Structure formats: structure tokens, C-alpha cells
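Let me begin by presenting the structure, written as C-alpha cells, before commenting on it.
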Amino acid sequence: STGIRTPVGVKVIGTDLVEIDKLAKQIEQVLKTVPGTSSAYAERGIGGYYLDVTPDRAALARYGIMIQDVQDVIGTALGGQTVTTTVEGRQRFSVNMRYPRDLRDSPQAIASDVLVPMPGGGAVPLGEVAKVAPSRGPTSIRTENGQLATYIYVDIRDRDLGGYVADAQRAVKASIQFPSGSYVVWSGQFEYLERATARLKIVVPVTLLIIFLLLYLNFRSVTDTMIVMLSLPFALVGGIWLMWWLGFNLSVAVVVGFIALAGVAAETGVVMLIYLNQALADIKVRREREGRALTRSDLYDAIMEGAVERVRPKMMTVVAIMAGLLPIMWSTGTGSEIMQRIAVPMIGGMVSSTLLTLIVIPAIYGLVKERRLKSDAKVKLSAQSESVAS
């Protein structure tokens, strides 16, 4: 859809075919020196052979011949002219007339054997009234947004797409001087990467904002919401480590995997927090019945109880997700390279998310609630002091 058949393509845009052809060859040599380049090939735009017939206006005036007469003779003698149509049953075939091949197979033959009629009668050879000579010209003419273009096809190896293009852009900028009106456009798969990156700059923050909003609507507490949101970076750590171990580069598919991982990590963090809040609420009720205040020891007992109850559902979640994703890791065939890059962040992230949910979240929960207990105790102590003084 971009016109480029390789992962990276460079479109040289300009107003002069000869100039952009020269620029394309220079850029090709520069790209071959960039680390990671497997091959770089610039189209040879000025590589076709043509036969130019240039009328000699002074000679035409001496013979009284019009330029249109010369053009008609060239069109008929060399290109051929349809003179009639033959009918054979249901089929119709046009009949063309032109000079035989031995009279038009070389510039010399065309100049001497093709005759141009004169108005007063007789004819002159085409070479007497026009210059016939071979020339070099474009084999094809590409246009891009209304301007002339030449393509450079680049294959890369052992490099990520974005990093390679960044290095290539710096190399081209440092080595090539572009004349006025000429510039380059980086295309191929990189063009889609740029579009996807621009969308992800919007999608990822919006996703995190939606997760935060849903968590806040559930807990009605910024503190609890932030505790759950803390699970997201810990989950990303495992995905990044597994990507590094398998040698995968960052791509759009990997980012999609991280977005899915963020949702699952937030879900498991929510369940852990619900268990902890439920265990703490039960101990509070028991202490209120006994007429005693909640202590640090009671808080730790609630955390242990809630965290232990979370082990089984957490492990069930992890095992179910990994059981579904591991076959994708070992799959082959069409589309498997994309699905693997979606699955890798989730598999690695589920491992680190499990450790986070079972170890880190209870510890942070204990620190937050312990600080709240201390503040509540200070408030009660100050209230009792005020009542005694009164």
C-alpha cells in the first residue's frame, strides 16, 4: 500500500529526474554503511534508451514542410497506423500499416529511408529535415503527491525498525546535501510504525486513565486505587525481561501485549486488595465487640489472612492465562510472529505480577494502613486530652 516492498523504504522527492536519480544513488551508498543494513538498492530511473527525432525548423521552412507533417510520417512509419478492419466471423482485427523492419531497425536507416512528402510533390529523407539520434531517459516516471519520485529499497537484519531508521536518518542528514525542492520521505513498514506510535501515544494514557477511573469508582479511595495501580510497573518488569531474554524488539504487537497485561495485573491487584480489606474489616468488627482498639498486631494478622486466601485464586489466574498463551509461543505459520510478540509480555508479566500481588501489595498495604492507625490514635488521644481538660 505504500509502494515499498521492503521493511524500510526511502522516497526521494524532487522536481528534476536526473537530480533525484543522482541523490538516490548517493543515499544508497550511505545506507550501505549503516549497521544493520542487509541490502540497499536505489531504482535506476535514468536507464532507458530512446530515439529522439528533433525537427530542424530551418530545413523544414526551406522545403515548405509543416512540423505536423513530420510527426504524422513518424507516427505512421515507425508506430503504425490503422487503415482498415478485417472481419472474420464474430472477430474483428485492425490492420496496421508501417515501414518494414529493415527500414526502421536503426537510427541511420530511419534517417535515410523514411521519407517526408513535400507540398509541391516529391519527398525528402527524414534525416534532411530532422536530427535522429539515440538518447538516455527514464525507464519509468514515478510521482508522489504530484512531484517526481525515486524509491530506494532497504532490507535490515538484527536491528529494530525504529532504531535503524533513526540511525539511517542521521547518516543521510550528515552526508547528503539536498538541493532546493528535493527531500526524502521514509516509508515502508516504518511508515505504519510512525502511525501506530502516534495512535499509541493517545491510546496508552487513555487506557491507564480508564483503569484508574474504574478502580476509583470501585474503591472510592485514591489510596487504594494507587496501591492497585502500583501493580502495573511491576507487571511490566517481567514482560520486559522475557522480551530481552528471547531477543524481541519493541513493536506495536508488543505494546498491545503490554496493554492487555495492564488490565490483567490491575484485575489481580483488585482481588488481592478486596481480600485484604475484607480480612481487616472482620478483625475490626471483632475488636469493636470486644471493646478494644485495633492494633498493629491485628493489622498484620489481617494482612496474613487476606494474602493467604489470595494464593489459590491468584495461582489459578496465572496458570489459566499462561496455559492459554504458551501454545502461542511455540506456534509456527502465518501470523505466529505477531502473536508471539503479543503473548511474550503477558507471560513474563504474569510471573512478576504474581510475586507483586502476593508479596509487594500486602507490604505496601500494611505500611499505608499502619500510618493511618497511628494518625487515628493521635486523633483519639488529642480528643481525650481535650475532654479531660474541659
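Based on this model, can you work out whether Arg199 counts as over 30 Å from Val351 (Cβ atoms), open to solvent by 70 Å² or more (accessible area, probe 1.4 Å) and not in a strand (DSSP E or B)? Reasoning before the result, please.
Values: over 30 Å from Val351 (Cβ atoms): no; open to solvent by 70 Å² or more (accessible area, probe 1.4 Å): yes; not in a strand (DSSP E or B): yes.
So Arg199 fails the test.
Within the stretch 117-145, work out how many residues are closer than 26 Å to Ala196 by Cα and either at pLDDT 90 or above or not β-branched (Val, Ile, Thr) (or both). Working first, answer last.
Here is the first cut: in the stretch 117-145, the ones closer than 26 Å to Ala196 by Cα are 143-145.
So of that shortlist, the ones also either at pLDDT 90 or above or not β-branched (Val, Ile, Thr) (or both) come out as 144-145.
Residues that pass the stated criteria total 2.
Going by the conditions given, is Ile328 at pLDDT 80 or above, assigned to a helix (DSSP H, G or I), touching a Ser or Thr at 6+ places or on another chain (Cβ under 9 Å) and in the same structural domain as Ala266 (by the TED database)? Outline the logic, then answer.
Values: at pLDDT 80 or above: yes; assigned to a helix (DSSP H, G or I): yes; touching a Ser or Thr at 6+ places or on another chain (Cβ under 9 Å): yes; in the same structural domain as Ala266 (by the TED database): yes.
Yes, satisfied.
Of the conditions (1) modelled with pLDDT under 80; (2) out of contact with any Ser or Thr (no Cβ under 6 Å at 6 or more places or on another chain); (3) closer than 20 Å to Met346 by Cα, Phe234 satisfies every one except a single condition; which number is it?
Going through the list (1) modelled with pLDDT under 80; (2) out of contact with any Ser or Thr (no Cβ under 6 Å at 6 or more places or on another chain); (3) closer than 20 Å to Met346 by Cα, Phe234 breaks only (2).
State which residue is farthest from Met97 (Cα to Cα) when the search covers only the stretch 52-81 and only residues that are part of a strand (DSSP E or B) and open to solvent by 70 Å² or more (accessible area, probe 1.4 Å).
Residues of the stretch 52-81 that are part of a strand (DSSP E or B), as a first pass: 52-55, 81.
Going one step further and asking which of them are open to solvent by 70 Å² or more (accessible area, probe 1.4 Å), we end up with 52, 54, 81.
Details: Asp52: 22, Thr54: 23, Gln81: 5 Å.
By that ranking, first place goes to Thr54.
Restricting attention to the stretch 82-122, which residues are open to solvent by less than 50 Å² (accessible area, probe 1.4 Å) and under 12 Å from Tyr63 (Cβ atoms)?
Val116, Gly121 - these are the residues of the stretch 82-122 that are open to solvent by less than 50 Å² (accessible area, probe 1.4 Å) and under 12 Å from Tyr63 (Cβ atoms).
Looking at (1) open to solvent by 60 Å² or more (accessible area, probe 1.4 Å); (2) more than 28 Å from Glu370 (Cα to Cα); (3) not β-branched (Val, Ile, Thr), find the lone condition where Met350 falls short.
(1)
Identify all residues within the stretch 246-266 that are more than 24 Å from Glu194 (Cα to Cα) and without any contact (Cβ under 8 Å) to a residue 24 or more places away in the chain; write none if there are none.
The first filter runs over the stretch 246-266 and keeps only residues more than 24 Å from Glu194 (Cα to Cα), leaving 246, 263-266.
Once the filter is applied, which keeps residues that are more than 24 Å from Glu194 (Cα to Cα) and without any contact (Cβ under 8 Å) to a residue 24 or more places away in the chain, the stretch 246-266 yields nothing.
As an exercise: evaluate Val172 against (1) of a type in the set (A, V, I, L, M); (2) in contact (Cβ under 8 Å) with a residue 12 or more places away in the chain; (3) open to solvent by 80 Å² or more (accessible area, probe 1.4 Å) and give the number of the one condition it does not meet.
(3)
Would you tally the residues in the stretch 256-292 being open to solvent by 30 Å² or more (accessible area, probe 1.4 Å) and of a type in the set (A, V, I, L, M)?
7
Kindly list the number of the only condition in (1) free of Cβ contacts under 8 Å to residues at least 12 places away in the same chain; (2) under 33 Å from the mean Cα position of the chain (by Cα) that fails for Gly291.
Of everything listed in (1) free of Cβ contacts under 8 Å to residues at least 12 places away in the same chain; (2) under 33 Å from the mean Cα position of the chain (by Cα), Gly291 misses just condition (2).
Confirm whether Met243 is open to solvent by 30 Å² or more (accessible area, probe 1.4 Å), assigned by the TED database to the domain that holds Glu370 and in a helix (DSSP H, G or I). Spell out the reasoning first.
On the way: open to solvent by 30 Å² or more (accessible area, probe 1.4 Å): no; assigned by the TED database to the domain that holds Glu370: yes; in a helix (DSSP H, G or I): yes.
Considered against the rule, which asks whether it is open to solvent by 30 Å² or more (accessible area, probe 1.4 Å), assigned by the TED database to the domain that holds Glu370 and in a helix (DSSP H, G or I), Met243 comes out as no.
Counting only residues that are touching a residue at least 24 places away in the same chain (Cβ under 8 Å) and among the basic types (Lys, Arg), which one in the stretch 1-47 is most open to solvent (accessible area, probe 1.4 Å)? Break it down into steps so the answer makes sense when it comes.
To start, the set of residues in the stretch 1-47 that are touching a residue at least 24 places away in the same chain (Cβ under 8 Å) comprises 2-21, 23-24, 26-28, 30-31, 33-47.
Cutting the leftovers down to among the basic types (Lys, Arg) gives us 5, 11, 44.
On the way: Arg5: 188, Lys11: 10, Arg44: 97 Å².
Result: Arg5.
Looking at the stretch 295-316, which of the residues that are open to solvent by 40 Å² or more (accessible area, probe 1.4 Å) and in contact with a helix residue (DSSP H, G or I) (Cβ under 7 Å, 6 or more places away or on another chain) is nearest to Thr357 (Cα to Cα)?
My answer is Val311.
Residues that are under 25 Å from Thr15 (Cα atoms) and touching a helix residue (DSSP H, G or I) at 6+ places or on another chain (Cβ under 9 Å): list the strands (runs of 3 or more DSSP E) wholly contained in the stretch 137-192 that include at least 1 such residues.
Of the strands (runs of 3 or more DSSP E) lying wholly inside the stretch 137-192, those with at least 1 residues that are under 25 Å from Thr15 (Cα atoms) and touching a helix residue (DSSP H, G or I) at 6+ places or on another chain (Cβ under 9 Å) span 147-156, 183-188.
Taking the conditions exactly as written (touching an Asp or Glu at 6+ places or on another chain (Cβ under 8 Å), assigned to a strand (DSSP E or B) and either in the same structural domain as Val172 (by the TED database) or among the small types (Gly, Ala, Ser) (or both)), does Ala24 satisfy them or not? Spell out how you get there, then give the answer.
Numbers: touching an Asp or Glu at 6+ places or on another chain (Cβ under 8 Å): yes; assigned to a strand (DSSP E or B): no; either in the same structural domain as Val172 (by the TED database) or among the small types (Gly, Ala, Ser) (or both): yes.
Judged against the criteria, Ala24 is not a match.
Among the residues of the stretch 202-239, which ones are under 20 Å from the mean Cα position of the chain (by Cα) and open to solvent by 90 Å² or more (accessible area, probe 1.4 Å)?
Across the stretch 202-239, the qualifying residue is only Ile202.
The values are calculated or read from the model by the stated rules, or taken from the named source; none is laboratory data. Predicted model, so just to flag it, every value in this text is computed and none were measured. So basically every Cβ, Gly included, is an ideal-geometry build from the backbone, and we count neighbours across all protein chains shown. Heads up: the accessible areas ignore ligands, DNA and RNA and are worked out on the full protein's heavy atoms, side chains in. Shrake-Rupley method; radii C 1.70, N 1.55, O 1.52, S 1.80 Å.
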